[in-house]
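Take a look at the structure below.
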Amino acid sequence: MTVDDVLVVGAGPTGLAIAAALSETGLRVAGLSAAPPTKPWQNTYGVWLDELPAPELRATLGYRWSDVVVRAGRRTIPLQREYGLFDNRQLQHYLLECCERHGVVWQNGIAAEVEHRVSHSLVTTRDRRTFAARLVVDASGHSPALLRRPAASQVARQAAYGIVGEFSAPPVQAGQMVLMDYRADHLTPEEQREPPTFLYAMDLGDGQFFVEETSLAHVPGVPLSTLERRLRRRLDAGGAAVRQVMHIERCLFPMNNPLPYLDQPVMGFGGAASMVHPPSGYMVGKALRYAPEVAQAIAQALGASGSTPLSAARAGWQTLWSPARVRRRQLYLFGLASLMRCDSATIQAFFEAFFHLPRHEWTGYLSDTLSTAELARTMLRLFVRVPGKVRRTLMAAAGAEHALLRRAAFGQA
């Protein structure tokens, strides 16, 4: 039986990203995916252009906007930060071409179990085929095939219902992208006390727009039927009724899954490794940034004398989830828990204050580029700036979510 250096399980955006990065280090990489790696990706993936780790990745963007705004209360806040949507086919082709150039071979199959030997691991599929590798990287999604993680009792989910189509009037200004519009005048007072949702929208050109009603996070996830109803009411209230639908997008995924056990001999990446960024739900840009450093750590570990699946996985985990990143994640999860306590008016006041922080602070918060100390100072600065009602909500969250703050202080996962 052939023993590869690494077997990557999963061929979504994060699976291809880590497979490409690993293959570029010179390791012999194989892939295992439930569907062919060329199967089209259905959801849209956004990214701030300054987060792209390599200039050539700009060619994988289908759209980009410089006019990006947030609407909260009666304010329209220009962000002056470029935003893009990936062209899924271009990004997929870019990553697959890198994999092919470095000899990655993909097999179709669903990973069912893994067995660890001294020098390698064996992955068995549901149809009882076996693949061997010195390290297995599970990138199979939010419900991973092989990774173990602690049980979660309260999983917050981001939910979204979106339409690509033509409308009776432009739902956003020409050439504009709306990152979030939390205005809720079209809802009844009772509905405004329900979990708040926002509009995420953009002009795609040629009379087409993408509009999406989104719940940042809630336990349980806001039903997609509720989001569809709210989106259509929002559009009707703005005089932009749907005329033609080209594509429907439905999203529901966990925002606060526990980290996997970081002492297991399988490495994880993407949703399997709980890489969703708690403030936003974004992950693809983060995966593209982190993949090269994780790959280098794994390659170095596999190149060491006497390497084992455990030693290689440990090197990957220590790079992906360093103590500093674990600590920051707990702070981000506290921030997310705080926002889930907000009603419509409170969350609008929160984001109005958030986007008036110094630019490097709010961009660093959304991109996870602040140090732990900088992140803590940013959160404290925001606490001082927000109106009293928002401050009281944050104080209530601090009392209820003290375990998150304690884990952040001690760097516990």
Exposure-ranked with fewest Cβ neighbours within 10 Å first, Asp236, Asp368 stand as Asp236, Asp368
Cα-Cα pairs in region 252-307 separated by more than 15 Å, as a whole percent of all pairs, come to 56
The distance between the Cα centres of region 342-366 and region 77-140, in whole Å, is 35
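What's the extension gain from Arg243 to Ile110 if we count 0.36 nm per residue and subtract their Cα-Cα distance?
43.8 nm
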The Cα radius of gyration of region 239-336, divided by 2.2 N^0.38 Å with N its residue count, comes to 1.41
Long-range amide H partners of Gln107, meaning residues 5 or more apart or on another chain whose placed amide H is closer than 5 Å, are Gly31, Leu32, Ser33
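Hey, any idea what the orientation-averaged projected area of the convex hull of region 123-167's Cα atoms comes to, in nm²?
In nm², the orientation-averaged hull projection of region 123-167 is 6.7.
Please work out how much length the chain gains when fully extended from Leu380 to Asp50, using 0.36 nm per residue of separation minus the C-alpha to C-alpha distance, in nm with one decimal.
116.3 nm
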Note to self: C-alpha centroids of region 246-315 and region 161-181 sit apart, in Å, by 33
Kirkwood calc, region 339-396, C-alpha pairs only, radius in angstrom 11.6
When Leu199, Leu380 are arranged by how many other beta-carbons sit within 10 Å of their Cβ, fewest first, they go Leu380, Leu199
Most fluctuating of Leu95, Leu187, Leu146 in the GNM of the chain (C-alpha, under 10 Å) is Leu187
Residue ranges of DSSP H helices in the chain that stretch 24 Å or more (Cα, own long axis) and have mean Kyte-Doolittle hydropathy of at least -0.5 are 284-302, 323-339
Placing +1 on each Lys and Arg Cβ and -1 on each Asp and Glu Cβ in region 324-410, then taking the dipole about the Cα centre, the residue among Val386, Gln348, Val326 whose Cα reaches farthest towards the positive end is Val326
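Suppose every K and R has +1 on its Cβ and every D and E has -1 on its Cβ; what is the size of the dipole of the chain about the Cα centre, in Debye to the nearest 20?
Taking the Cα centre of the chain as origin, the dipole is about 1120 debye.
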With +1 on the Cβ of every Lys and Arg and -1 on the Cβ of every Asp and Glu, the dipole magnitude of region 187-325 about its Cα centre, in debye rounded to the nearest 20, is 160
Of all C-alpha pairs within region 157-254, those more than 22 angstrom apart amount in percent to 23
Of Pro170, Pro309, Pro40, the most mobile residue in a GNM of the chain (C-alpha springs, cutoff 10 Å) is Pro40
Across the alpha-carbon set of region 8-110, Rg over Rh with Rh taken as the Kirkwood radius works out to 1.10
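Answer rounded, prolate or oblate for the chain, using the Cα gyration tensor with square roots of eigenvalues a ≥ b ≥ c: rounded when a/c is under 1.5, else prolate when a/b is larger than b/c, else oblate.
The shape class here is prolate.
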When Met177, Met275 are arranged by how many other beta-carbons sit within 10 Å of their Cβ, fewest first, they go Met275, Met177
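Quick note: the coordinates plus some simple rules give every number you see, no bench work behind them. Owing to the predicted nature of the structure, the values given are computational and were not obtained by experimental measurement. All Cβ positions, even for glycine, are placed from backbone atoms using ideal geometry, and neighbour counts span all protein chains on display.
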